[in-house]
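What follows is calculated from the coordinates using simple rules that are stated; it is not laboratory data. Bear in mind the structure is a predicted one, so any value in this text is a computation, not a measurement. With ideal geometry, Cβ positions are generated from the backbone for all residues, glycine too; neighbour counts draw on all protein chains shown.
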Amino acid sequence: CVGAWNPGLGVSGLTLRDNSGFKNNGTLTGGPTWAASGGKYALSFDGVDDFVKCSNVSVGNLGTKNATIVVWCVLQNSNLFGNIISKRNNGGVFQQWALFQGYLNTSFAAVPEKKVSMFWYAGGAITASQHIYTTADVADGKLHCVVCRRINGATPQIWIDGINRAVTVIGTA
């Protein structure tokens, strides 16, 4: 675990607290807002320029290691291309991963869809097993638990609400 960010624990201004004990707090950037419903809290992002920035640039550097990413989110009931959660660090050793709605085609162009995708870059190289998207449309405008995991170099898996979804693999070996 490198961080556990749970906005449901309550409003904390422009800080999203890391509850893992590692103190990797994030800063709300671009204008996300706190939303409340039934005494619970969430963050609302505009889908354009809102994000949470973690000041420790090494947080989330996954390289080719085993990894599991879990997020609760509303998957929009429309064809779109946009981040759900991502990690970007363009300085030093390039580390980047993203879980998003829509996918990248074989030319790595954005394709707006009701599918969910995951990709990993490690050291600037992408392999076929590092970019996948759900075969079926899964976005329906409702709240879902989305899990992406990669274990022992195998093709990553995408689980939505506890169901292992069939995936299409994109990239070059």
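Between residue 143 and residue 73, the modelled labels are 1.6 nm apart [label points 7 Å from Cα along Cα→Cβ]. For the peptides 27-38, 100-111, the ranking by mean Cβ contacts within 10 Å, running from highest to lowest, is 100-111, 27-38.
Shape verdict for segment 1-85, please, from the Cα gyration tensor: rounded (a/c under 1.5), prolate (a/b greater than b/c) or oblate. Since a/c reaches 1.5 but b/c is at least a/b, the shape of segment 1-85 is classed as oblate.
Along the Cα-to-Cβ line of residue 108, 7 Å from the Cα, sits a label point; which residues in segment 129-167 have backbone N less than 18 Å from it? In segment 129-167, the label zone of residue 108 (backbone N under 18 Å from the point 7 Å along Cα→Cβ) covers 129-133. If the chain linking residue 152 and residue 65 were pulled fully straight, counting 0.36 nm for each residue of separation and taking away their Cα-Cα distance, it would gain 30.6 nm.
A crude spin-label estimate for the pair residue 14 and residue 80, with each label 7 Å from Cα along the Cβ direction, gives 2.5 nm.
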